[in-house]
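A quick write-up on the structure given underneath.
Bear in mind these aren't lab numbers, they're just calculated from the coordinates by the rules spelled out. Just so you know, these numbers come straight off a predicted model, no measurement behind them. Cβ sites come from the backbone with ideal geometry, for glycine too, and all protein chains shown count toward neighbours.
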Amino acid sequence: MSNLLLKRCPKCNALVRVMSDCQCQCGFECCGEKMVDVLENATDAAFEKHIPNFEREDGKLVVTVNHVMEDEHYIEWIMLMSDDREETVHLAPQREAKVTFKDVEHGTLYAYCNKHGLWKREF
Ligand SMILES: [Fe+2]
């Protein structure tokens, strides 16, 4: 299983997923600047309001994030990575930050807040 590598533009906040990172030093640019790595659980924000929580219900993994879902501040997506499987569910403001995944025993959960970045939990 590969790690999730995201890069963000410090000017316009564009977010890109890197499938295979640059092996030289040129990196990736946006708005004329180098994009920066998005680090997990690294933003100065409430851990408990961003970390993905999970419980098992009828063999399914129910993932929630205890975060507001307002127009200006919300969880944009939740991702599951497990073995060779990867699923991303995009969310929207005014919707519940809740996603259900089937048939998964272990893996990594990610949640992305539009203001506070990437949050990760292994399970
Ligand atoms: Fe947030």
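Per-structure values
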| item | result |
| --- | --- |
| Debye intensity ratio in log₁₀ form over the Cα atoms of region 1-55, taken at each q of 0.17, 0.24, 0.25 Å⁻¹ | -0.68, -1.03, -1.06 |
| Residue 53-residue 88 FRET efficiency (beta carbon distance; Förster radius 30 Å; 0.05 resolution) | 0.95 |
| Mean shadow area of region 47-122 over all directions, Cα convex hull, nm² | 4.6 |
| Residue-count net charge about residue 69 - beta-carbon cut-off 11 Å; Lys, Arg +1, Asp, Glu -1 | -3 |
| More than 24 angstrom apart: percent of Cα pairs within region 1-112 | 33 |
| Lys/Arg +1, Asp/Glu -1 at C-beta; region 1-70 dipole; positive extreme among 68, 46, 20 | 20 |
| FRET E, pair residue 14, residue 122, Förster distance 41 Å, beta-carbon r, rounded to 0.05 | 0.90 |
| Check: the chain dipole with +1 on Lys, Arg Cβ and -1 on Asp, Glu Cβ, in debye | 240 |
| Cut-off 9 Å between beta-carbons: net charge of the residues surrounding residue 10, Lys and Arg +1, Asp and Glu -1 | +2 |
| Theoretical gain in end-to-end length, residue 106 to residue 44 [0.36 nm per residue, Cα-Cα removed] | 19.6 nm |
